Amino acid sequence: MEAFLDFLANIPWWVWILFFILLVAIRDIFFQKAHTISHNYPVVGHLRYWLESIGPEMRQYFVANNREELPFNRIERSWIYASAKKENNYEGFGTDRDIYKHQHIFIKNAMIGFQSPKDHTNTKHPYFLPCAKVMGAYNQRKKPYRPASIINVSAMSFGSLSAAAIESLNAGVEKCGAYHNTGEGGLSPYHKQGGDVIFHFGTGYFGVRSKDGGFSMDKLKVLVDENPCIKAIEIKLSQGAKPGKGGVLPGSKITPELAEIRGVEVGVDVISPPTHKAFSTIPELMDLIESIAEETGLPVGIKGAVGKVDQWQELADLMKKTGKGPDFITIDGGEGGTGAAPPSFADHVSLPWSYGFTSVYKIFLDHGLTERIVFIGSGKLGFPGKAAMAFAMGADCINVAREAMMSIGCIQAQVCHTNRCPAGVATQSKWRQSGINVPLKSDRLAQYFNTFKKEFLEITHAAGYEHPCQFHMEDIQVNVDDDYLSSDIRKIYKYQKDKVPFTSMQDLYQCEHLGGKKELN
């Protein structure tokens, strides 16, 4: 035995390498049948698969130019990272955008912009930029709510995102006066770090789920009573990534913690159907909205990606007839988001945000209903220029998902659906998420939001207004096509945004229904 070990020890290292390569070649040629390339080109064929696996990273960092990538290009990501870290987010030597390109946005500045008096609210609170409308005011809900920030965290659930990521986001919104939408995974302990919360549920009814998989009003009432951080309820009809498609949460991913939060069984597959059990018609949806508002006292809204508009028309007709209806409507863009979806859905089902929003807003405008509804936009709007266009079109708030993820460390690896997120944001791997420093990342989320609000206010003042709600559609011009090079968005979308009642920032600051007051004191 000793002689054999001595023999092995005397074998040169390069012989071991040749032996390993020989074993790989034998395996490739005689045993594996799945890959033609490695069969026909043993050993070197593996190099092809390895290069393919790191292709996205190679293109992202070494090949693609600053404006080329999707869904967010390098300039957009760099602006978010720099804003979140309170670093220099300026550009030098002028823009490198092609400003004559299709859909490029121009914001028309005034000859003399808005000039803030010395005692203006924003002098003392430079990041104060609340919603100009109050959720639930028209319908006289018991607990109306005015979001203290026009930019907020969109629906992303615990389970989709890691515990550390959710905790960072909620602690971050508490620091900047924003709200945090729970997503449809239920209210977790990580959502309770001091920030305002919009409780969101979909077809799986996680967190308010009955034993038969339906909706439980009793559970919702208990949840709201025990958690005063919940300021409103949102019912998800569909989402941009996969409208009309449900999902499966494999039993292998359902830990005791997730099971308790979502109200499901440990280790058992949970199927979220494509449609709701609690309602199947627009009148039934209206009844559910009013029941929830009556039982909880909170504003209630709906979220949907837009395709056909006949049922939106039916909803508006019913609201006009009854004087009731949702307190806010979140329009999600077909651009997709953090939710994993087949390419056939992500690429083709539902309209992009600007098309979908205008289709719905025009319906409620024609019915004279826009004043009673808070319109929330969700679809890559986390940049001041895009937000200005959204407000000019009729949005009152915006929700951001991927932009918020990037502010706490997401690198756009696009592996959210694999549980292998390298930044620890979209994974349940304890090791990967251990790299997230919650106090630091919460600061970065807050700083990104504050930088966004500051720059958005500066753009607003340059256009001659005190608050973004005052933007008109004629204030935004977009490059269109060869028929005419550019036009204001009123001519493009063929409607005029309804005027939003607004007096002054000071009146908003003194509103008794204003959220996020800790940040403002």
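The values are calculated or read from the model by the stated rules, or taken from the named source; none is laboratory data. Being a predicted model, the structure only gives us computed values, none of them experimental. Note: ideal-geometry Cβ built from the backbone for every residue, glycine included; neighbour counts use all protein chains shown. Surface areas here come from the heavy atoms of the whole protein model, side chains and all, with no ligands, DNA or RNA. Shrake-Rupley method; radii C 1.70, N 1.55, O 1.52, S 1.80 Å.
Which residues, counting only those in segment 151-169, are part of a loop (DSSP other than H, G, I, E, B) and of a type in the set (Gly, Ala, Ser)?
Let us first name the residues in segment 151-169 that are part of a loop (DSSP other than H, G, I, E, B), namely 154-157, 159-160, 162.
Of everything in segment 151-169, those that are part of a loop (DSSP other than H, G, I, E, B) and of a type in the set (Gly, Ala, Ser) turn out to be 154, 155, 157, 159, 160, 162.
State whether the residues of segment 170-187 include one that is under 21 Å from residue 466 (Cα atoms), in a loop (DSSP other than H, G, I, E, B) and aliphatic (A, V, I, L, M). Walk me through it before giving the result.
Of segment 170-187, the ones under 21 Å from residue 466 (Cα atoms) are 176-178.
Narrowing the set further to residues that are in a loop (DSSP other than H, G, I, E, B) leaves 177-178.
Adding the requirement that they be aliphatic (A, V, I, L, M) leaves 178.
For segment 170-187, residues under 21 Å from residue 466 (Cα atoms), in a loop (DSSP other than H, G, I, E, B) and aliphatic (A, V, I, L, M): present.
Which residue, of 192, 219, is modelled with pLDDT of 90 or more, closer than 23 Å to residue 286 by Cβ and charged (D, E, K, R)?
Details: 192 fails: closer than 23 Å to residue 286 by Cβ.
Criteria check complete, one pass: 219.
Can you name every residue in segment 67-94 that is at pLDDT 70 or above, open to solvent by less than 80 Å² (accessible area, probe 1.4 Å) and in a loop (DSSP other than H, G, I, E, B)?
71, 72, 73, 89, 92, 94
Looking at 433, 447, 414, which is the one that is open to solvent by 40 Å² or more (accessible area, probe 1.4 Å) and of a type outside the set (A, V, I, L, M)?
Details: 433 fails: open to solvent by 40 Å² or more (accessible area, probe 1.4 Å); 447 fails: open to solvent by 40 Å² or more (accessible area, probe 1.4 Å).
Unique residue meeting the criteria: 414.
Sort out which residues of segment 200-215 are surrounded by fewer than 19 Cβ atoms within 10 Å (Cβ to Cβ) and within 15 Å of residue 260 (Cα to Cα), and write them in order of number.
Applying the first criterion (surrounded by fewer than 19 Cβ atoms within 10 Å (Cβ to Cβ)) to segment 200-215 yields 210-214.
Matches in segment 200-215: 210, 211, 213.
Does at least one position in segment 95-114 carry a residue that is open to solvent by less than 50 Å² (accessible area, probe 1.4 Å) and over 30 Å from residue 490 (Cβ atoms)?
Checked segment 95-114: no residue is open to solvent by less than 50 Å² (accessible area, probe 1.4 Å) and over 30 Å from residue 490 (Cβ atoms).
Among the listed residues 320, 324, 362, 386, identify the single one that is basic (Lys, Arg), in a loop (DSSP other than H, G, I, E, B) and at pLDDT 90 or above.
Working: 320 fails: in a loop (DSSP other than H, G, I, E, B); 362 fails: in a loop (DSSP other than H, G, I, E, B); 386 fails: in a loop (DSSP other than H, G, I, E, B).
The match here is 324.
Out of the residues in segment 170-195 that are among the small types (Gly, Ala, Ser) and under 21 Å from residue 382 (Cβ atoms), state the one that is surrounded by the fewest Cβ atoms within 10 Å (Cβ to Cβ).
Filtering segment 170-195 down to residues among the small types (Gly, Ala, Ser) leaves 171-172, 177-178, 183, 185-186, 188, 194-195.
Filter once more, keeping what is under 21 Å from residue 382 (Cβ atoms): 171-172, 177-178, 183, 195.
Details: 171: 21, 172: 30, 177: 28, 178: 31, 183: 30, 195: 29.
Checked segment 170-195; the qualifying residue surrounded by the fewest Cβ atoms within 10 Å (Cβ to Cβ) is 171.
Looking at segment 457-500, which of its residues are of a type in the set (A, V, I, L, M, F, W, C), modelled with pLDDT under 95 and either surrounded by fewer than 18 Cβ atoms within 10 Å (Cβ to Cβ) or part of a helix (DSSP H, G or I) (or both)?
473, 480, 485, 489, 492
In contact (Cβ under 8 Å) with a residue 40 or more places away in the chain, among the β-branched types (Val, Ile, Thr) and surrounded by fewer than 19 Cβ atoms within 10 Å (Cβ to Cβ): which single residue out of 309, 349, 374 fits that description?
Values: 349 fails: surrounded by fewer than 19 Cβ atoms within 10 Å (Cβ to Cβ); 374 fails: surrounded by fewer than 19 Cβ atoms within 10 Å (Cβ to Cβ).
Every option except 309 fails the conditions.
Just give me the residues in segment 123-144 being within 26 Å of residue 460 (Cα to Cα) and of a type in the set (D, E, K, R), in sequence order.
The answer is 124, 133.
Can you say whether residue 435 is closer than 17 Å to residue 384 by Cβ, out of contact with any Lys or Arg (no Cβ under 7 Å at 6 or more places or on another chain), among the small types (Gly, Ala, Ser) and in a loop (DSSP other than H, G, I, E, B), as far as the supplied structure shows?
no
Hey, among 226, 167, which residue is among the charged types (D, E, K, R) and either open to solvent by less than 30 Å² (accessible area, probe 1.4 Å) or more than 17 Å from the chain's Cα centre (by Cα) (or both)? Steps first, answer last, please.
Values: 167 fails: either open to solvent by less than 30 Å² (accessible area, probe 1.4 Å) or more than 17 Å from the chain's Cα centre (by Cα) (or both).
Criteria check complete, one pass: 226.
If you take the residues in segment 142-165 that are among the aliphatic types (A, V, I, L, M) and modelled with pLDDT of 95 or more, which one is farthest from residue 469 (Cα to Cα)? Outline the logic, then answer.
Quick first cut of segment 142-165, residues among the aliphatic types (A, V, I, L, M) only: 148, 150-151, 153, 155-156, 161, 163-165.
Still in the running and modelled with pLDDT of 95 or more: 148, 150-151, 153.
On the way: 148: 14, 150: 10, 151: 13, 153: 20 Å.
Result: 153.
Given the criterion under 28 Å from residue 141 (Cα atoms), in a loop (DSSP other than H, G, I, E, B) and either of a type in the set (A, V, I, L, M) or open to solvent by 10 Å² or more (accessible area, probe 1.4 Å) (or both), identify the matching residue among 423, 395. Quick ask: steps written out before the conclusion?
On the way: 423 fails: under 28 Å from residue 141 (Cα atoms).
Answer to the check: 395.
Report yes if residue 400 is touching a Gly at 6+ places or on another chain (Cβ under 9 Å), within 24 Å of residue 107 (Cα to Cα) and open to solvent by less than 30 Å² (accessible area, probe 1.4 Å), otherwise no. Full working, then the answer.
Values: touching a Gly at 6+ places or on another chain (Cβ under 9 Å): yes; within 24 Å of residue 107 (Cα to Cα): yes; open to solvent by less than 30 Å² (accessible area, probe 1.4 Å): yes.
Spelling it out, residue 400 is indeed touching a Gly at 6+ places or on another chain (Cβ under 9 Å), within 24 Å of residue 107 (Cα to Cα) and open to solvent by less than 30 Å² (accessible area, probe 1.4 Å).
All but one of (1) out of contact with any helix residue (DSSP H, G or I) (no Cβ under 6 Å at 6 or more places or on another chain); (2) at pLDDT 85 or above; (3) surrounded by 12 or more Cβ atoms within 10 Å (Cβ to Cβ) hold for residue 64, so report the exception by its number.
(2)
Collect the residues in segment 274-288 that are open to solvent by 40 Å² or more (accessible area, probe 1.4 Å) and either free of Cβ contacts under 8 Å to residues at least 12 places away in the same chain or not in a loop (DSSP other than H, G, I, E, B) (or both), keeping them in residue-number order.
280, 281, 283, 284, 287, listed by residue number.
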